[in-house]
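Working notes for the structure below.
The values are calculated or read from the model by the stated rules, or taken from the named source; none is laboratory data. Model, not experiment: these values are computed from the prediction. Reconstructed Cβ throughout: ideal geometry from the backbone, glycine too, with neighbour counts over all protein chains shown.
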Amino acid sequence: TLSDRLTSVLKNLRGKGRLSDADIDSTCREIRIALLEADVALPVVRAFIAQIKERAKGAEVSQALNPAQQVVKIVDEELVAILGGETRRLNLAKNPPSVILLAGLQGAGKTTLAGKLAKWLRGQGHTPLLVACDLQRPNAVTQLQVVGEQAGVPVYAPEPGNGVGNPVEVARQSILEAERAQHDIVLVDTAGRLGVDEEMMRQAADIRDAVSPDEILFVLDAMVGQDAVNTAEAFRDGVGFTGVVLTKLDGDARGGAALSVRHVTGQPILFASNGEKLDDFDVFHPDRMASRILGMGDVLSLIEQAEQHFDQEQAEKAAHKIGSGELTLEDFLEQMLAIRKMGPIANLLGMLPGAGQMKDQLADFDEKSLDRMQAIIRGMTPAERADPKIINASRRLRISRGSGVAVSDVNDLVTRFFDARKMMQQMAGRFGMPGAGGGGS
Ligand code: GDP
Ligand code: MG
């Protein structure tokens, strides 16, 4: 698996500075193989990897993760984003009935899905009507009637013994029936062929034109692998669709079809089917699919743990330093950068209770003065940051020139730092923080 192959790269030490090209390349090589093994289509893999490299190149090295872990994290985030981020809900019409049309190859799982959706919608207080427009196979109508019964949802179908019905006419009539019997959603099951063919596409398109659906769901068997792209393109061009449902995710397919279809058609994946029973069905979860495609849920949870552990370690270290009066300008800078990542300081402080009265002071605390502080600290040597007491007058002048500020700004920063450190230490003592109790600044 990918995790096995990545072990050697994952063992690298924590990095400094930026992610190196070598780190990015070696990790992306493994990711590429993993995506191909998950049956993601080759052009999609290429485009996706190029996008990952672009983003990874600009990324700062995380303190918590080694470079390979970090690339994996980026890949995972991008995958989740491409697969849809937050799940989209069904589009329903303002004036019922809403019409949902199911399209896809024979055996994809449309009829089964019709039953699942009907049951799910009913559970949400809707009053769906199932419509049998697959009049191609002799037992297709019966199959829908069976799942309809299981779902507790009525089925609209042509009268038996009336010869072969016309699916377009059945679809049209079903809307009238839904209006008459006050069904708020109409679920139209259609016929599929084993392969894509023109007649099938035309029939689906004719049904579409007869009922103007609010959603056309393209139902795709996740096991089809590399064929997903061709099939999706054929349905996109022949009928068009507004969303995708992946079925048979209970099988051993890694789910690369999800990424391919999403990438090629840009349409969101709304639901996932994972079994033959009506309850084997859920809204689509991009994060779960991403770790399934990468095949490394375990690595992802390790990464999460490493980050949490690191945050906790940092917090404890900082608390100890504050309590013992060992806080350095280096820590100060680090904390400042961490806080600034969260957004404008005034906004952050504004969220604190009681900060409303401090508005005037907050206004002074502008981003420019933060930039200035950052520049000053960066202009110091590591030894000076660790112990600002050693910064003499001539060094203060040098630092001020190097960072483009006045000497008084440097003096100010150093004085304020000592004051702040003393005050924090006193507060830490009062709150019983670790390391507190030592004296002096
Ligand atoms: P249709 O031709 O598109 O209407 O497909 P069907 O709904 O008739 O499904 C074809 C076969 O796939 C049936 O045997 C279903 O029981 C099975 N099937 C459908 N969805 C799933 C699923 O999510 N998992 C599994 N394991 N089988 C499924
Ligand atoms: Mg069917």
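Among residues of the range 187-204 that are within 14 Å of residue 171 (Cβ to Cβ) and more than 12 Å from ligand 2 (Cβ to nearest atom), those with a beta-carbon under 8 Å from a residue that is part of a strand (DSSP E or B) and among the polar types (S, T, N, Q) at least six positions away or on a different chain give the pairs 203/190; 204/190. Within the range 205-233, being aliphatic (A, V, I, L, M) and touching a helix residue (DSSP H, G or I) at 6+ places or on another chain (Cβ under 7 Å) holds for 205, 207, 210, 211, 216, 219, 220, 222, 224, 228, 229, 232.
Just to be sure before I move on: is residue 262 more than 16 Å from ligand 2 (Cβ to nearest atom), without any contact (Cβ under 8 Å) to a residue 12 or more places away in the chain and either touching a Leu at 6+ places or on another chain (Cβ under 8 Å) or charged (D, E, K, R) (or both) in the structure I sent? Against the criterion (more than 16 Å from ligand 2 (Cβ to nearest atom), without any contact (Cβ under 8 Å) to a residue 12 or more places away in the chain and either touching a Leu at 6+ places or on another chain (Cβ under 8 Å) or charged (D, E, K, R) (or both)), residue 262 does not qualify.
Looking at (1) within 12 Å of ligand 2 (Cβ to nearest atom); (2) under 20 Å from residue 235 (Cβ atoms), which is the only condition residue 139 fails? Of everything listed in (1) within 12 Å of ligand 2 (Cβ to nearest atom); (2) under 20 Å from residue 235 (Cβ atoms), residue 139 misses just condition (2).
Residues in the range 242-276 that are within 14 Å of ligand 1 (Cβ to nearest atom) and in a loop (DSSP other than H, G, I, E, B): 248, 249, 250, 251, 252, 253, 255, 274, 275, 276. Residues that are touching a helix residue (DSSP H, G or I) at 6+ places or on another chain (Cβ under 7 Å) and within 13 Å of ligand 1 (Cβ to nearest atom) occur at least once in the range 117-128. Among the conditions (1) within 16 Å of ligand 1 (Cβ to nearest atom); (2) of a type outside the set (Phe, Trp, Tyr); (3) out of contact with any Gly (no Cβ under 6 Å at 6 or more places or on another chain), the only one that residue 110 does not satisfy is (3). When you look at residue 173, is it in the same structural domain as residue 215 (by TED's automatic domain parsing) and either under 27 Å from residue 284 (Cβ atoms) or within 13 Å of ligand 1 (Cβ to nearest atom) (or both), yes or no? Taking the combined requirement at face value, the residue does not satisfy it. Just one residue in the set 387, 366 is modelled with pLDDT of 60 or more, on the phi < 0 side of the Ramachandran plot and under 35 Å from the mean Cα position of the chain (by Cα); that residue is 366. Residues in the range 176-190 that are within 16 Å of ligand 1 (Cβ to nearest atom) and either in a helix (DSSP H, G or I) or in contact with a Cys (Cβ under 7 Å, 6 or more places away or on another chain) (or both): 188, 189, 190.
With respect to the stated conditions, residue 144 is at pLDDT 95 or above, surrounded by 14 or more Cβ atoms within 10 Å (Cβ to Cβ) and either within 16 Å of ligand 1 (Cβ to nearest atom) or farther than 27 Å from residue 89 by Cβ (or both). Checked against the criterion of being touching a Pro at 6+ places or on another chain (Cβ under 8 Å) and in contact (Cβ under 8 Å) with a residue 60 or more places away in the chain, the candidates 121, 102 yield just one match: 121. The residue list 215, 159, 169 contains one member that is buried (at least 16 other Cβ atoms within 10 Å of the Cβ) and more than 16 Å from ligand 2 (Cβ to nearest atom), which is 215. Every listed requirement among (1) assigned to a helix (DSSP H, G or I); (2) modelled with pLDDT under 75; (3) farther than 25 Å from residue 59 by Cα is met by residue 336 save one, (3). Only residues that are aliphatic (A, V, I, L, M), loosely packed, with under 13 Cβ neighbours inside 10 Å and assigned to a helix (DSSP H, G or I): list them for the range 371-422, please. 383, 390, 393, 397 - these are the residues of the range 371-422 that are aliphatic (A, V, I, L, M), loosely packed, with under 13 Cβ neighbours inside 10 Å and assigned to a helix (DSSP H, G or I). Of all the residues in the range 280-295, those that are in a loop (DSSP other than H, G, I, E, B), out of contact with any strand residue (DSSP E or B) (no Cβ under 6 Å at 6 or more places or on another chain) and away from ligand 1 (no atom under 11 Å from the Cβ) number 2. Kindly indicate whether any position in the range 157-169 is touching a strand residue (DSSP E or B) at 6+ places or on another chain (Cβ under 8 Å) and within 16 Å of ligand 1 (Cβ to nearest atom). Yes.
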